[in-house]
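Written below as structure tokens is the structure these notes are about.
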Amino acid sequence: MVKIAPSILAADFGCLRDEIIKLEKAKADLIHFDVMDGHFVPNITFGPMILENLKKYSNLLFDVHLMVNNPTKFIPWYAKAGADIITFHLEASDNPIEDINLIKQYGIKAGISIKPNTEISAILPFIDDIDLILIMSVEPGFGGQKFDNNALSRIDYLRKSIKNKNIIIEVDGGINNETAKLCRDANVDILVAGTAVFKSDNYEKSIKELKGETL
Ligand code: DX5
Ligand code: ZN
């Protein structure tokens with residue numbers, strides 16, 4: 001069964017605590033926490049203190065997506081703040097193996113994300129070391145963009161390449177009921193959804209629908 005990770009990038013920042021409490025009640029599987037540094041992407045979001053604070057109000061796993069240059073500097077901050085999964089961008093890392101090992105030192109899951117225009121085979125040297133691959137189906141930086149259908153052939157390629165290795169495949173960007181179905185059919189494990197959940201008036205219903213169920 002596919003898992004849904006609502007991205008709080010699309011939440012109401014004026015009441016983040018209430019938003020994540022609502023997510024747990026709405027049976028979200030994880031909370032996707034988008035970290036942007038204003039350099040790797042032209043936008044700035046949440047520091048580690050926000051993560052540490054929000055952790056107090058939810059038992060859900062925090063899935064931290066680092067859209068930052070120099071992830072080596074940021075990984076310890078977010079690991080200590082309570083991240084359960086940390087994913088960094090292949091394009092931003094000087095030494096992906098070192099960054100993966102740094103994340104694992106904290107006893108949490110390590111992922112690598114890849115932008116839509118990065119050659120998908122660039123991830124292959126790391127598939128024996130990572131727990132998760134995050135396929136971007138939009139250019140990172142902003143919510144509310146349109147799903148890039150090329151992501152589907154990239155997912156297929158990955159599925160074939162990783163064979164029976166125990167790697168979680170997650171897709172991020174432009175997920176709605178229609179694109180969620182395409183991703184479910186492609187055997188994706190986790191769907192990130194910002195707009196589809198937070199701009200709906202019933203989080204539980206929208207999460208169910210993204211899973212292909214009805215309330
Ligand atoms: C984009 C972020 C996404 C974003 C998804 O850089 O990584 O997680 O919040 O938002 P939607 O679901 O609105 O495309
Ligand atoms: Zn994200």
Scanning the range 51-67 for residues that are under 20 Å from residue 193 (Cα atoms) and assigned to a helix (DSSP H, G or I) gives 51, 54, 55
Per the filter on the range 47-57, residues touching a residue at least 24 places away in the same chain (Cβ under 8 Å) and either of a type in the set (Lys, Arg) or crowded, with 18+ Cβ neighbours inside 10 Å (or both) are 48, 51, 54, 55
Over the range 58-72, the set of residues out of contact with any Leu (no Cβ under 6 Å at 6 or more places or on another chain) and either within 15 Å of ligand 1 (Cβ to nearest atom) or open to solvent by 30 Å² or more (accessible area, probe 1.4 Å) (or both) is 59, 62, 64, 65, 66, 67, 68, 69, 70, 71, 72
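Would you pick out the residues in the range 31-46 that are part of a strand (DSSP E or B) and either open to solvent by less than 10 Å² (accessible area, probe 1.4 Å) or within 11 Å of ligand 2 (Cβ to nearest atom) (or both)? Show your work before the answer.
Restricting attention to the range 31-46, the residues satisfying the condition of being part of a strand (DSSP E or B) are 31-37, 44.
Once the filter is applied, which keeps residues that are part of a strand (DSSP E or B) and either open to solvent by less than 10 Å² (accessible area, probe 1.4 Å) or within 11 Å of ligand 2 (Cβ to nearest atom) (or both), the range 31-46 yields 31, 32, 33, 34, 35, 36.
Any idea how many residues of the range 122-150 are among the hydrophobic types (A, V, I, L, M, F, W, C), surrounded by 15 or more Cβ atoms within 10 Å (Cβ to Cβ) and away from ligand 1 (no atom under 16 Å from the Cβ)?
If we filter the range 122-150 for residues that are among the hydrophobic types (A, V, I, L, M, F, W, C), which is where we start, we get 122-124, 126-127, 130, 132-136, 138, 142, 147.
Then keep just the ones that are surrounded by 15 or more Cβ atoms within 10 Å (Cβ to Cβ); that gives 123, 126-127, 130, 132-136, 138, 142, 147.
Retained after the next criterion (residues that are away from ligand 1 (no atom under 16 Å from the Cβ)): 123, 126-127, 130.
The qualifying residues number 4.
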If we keep only residues of the range 1-27 that are assigned to a loop (DSSP other than H, G, I, E, B), open to solvent by 10 Å² or more (accessible area, probe 1.4 Å) and not charged (D, E, K, R), then the residue nearest to residue 67 (Cα to Cα) is 11
Note on the range 83-121: residues outside any helix (DSSP H, G or I), surrounded by 16 or more Cβ atoms within 10 Å (Cβ to Cβ) and of a type in the set (D, E, K, R) are 84, 109, 115
Within the range 181-195, residues outside any loop (DSSP other than H, G, I, E, B) and open to solvent by less than 60 Å² (accessible area, probe 1.4 Å) come out as 183, 190, 191, 192, 193
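The values are calculated or read from the model by the stated rules, or taken from the named source; none is laboratory data. Keep in mind that this is a model prediction, so the values were computed, not measured. Note: ideal-geometry Cβ built from the backbone for every residue, glycine included; neighbour counts use all protein chains shown. Each accessible area value is taken on the protein alone, full model and side chains, heavy atoms only, with ligands, DNA and RNA left out. Shrake-Rupley method; radii C 1.70, N 1.55, O 1.52, S 1.80 Å.
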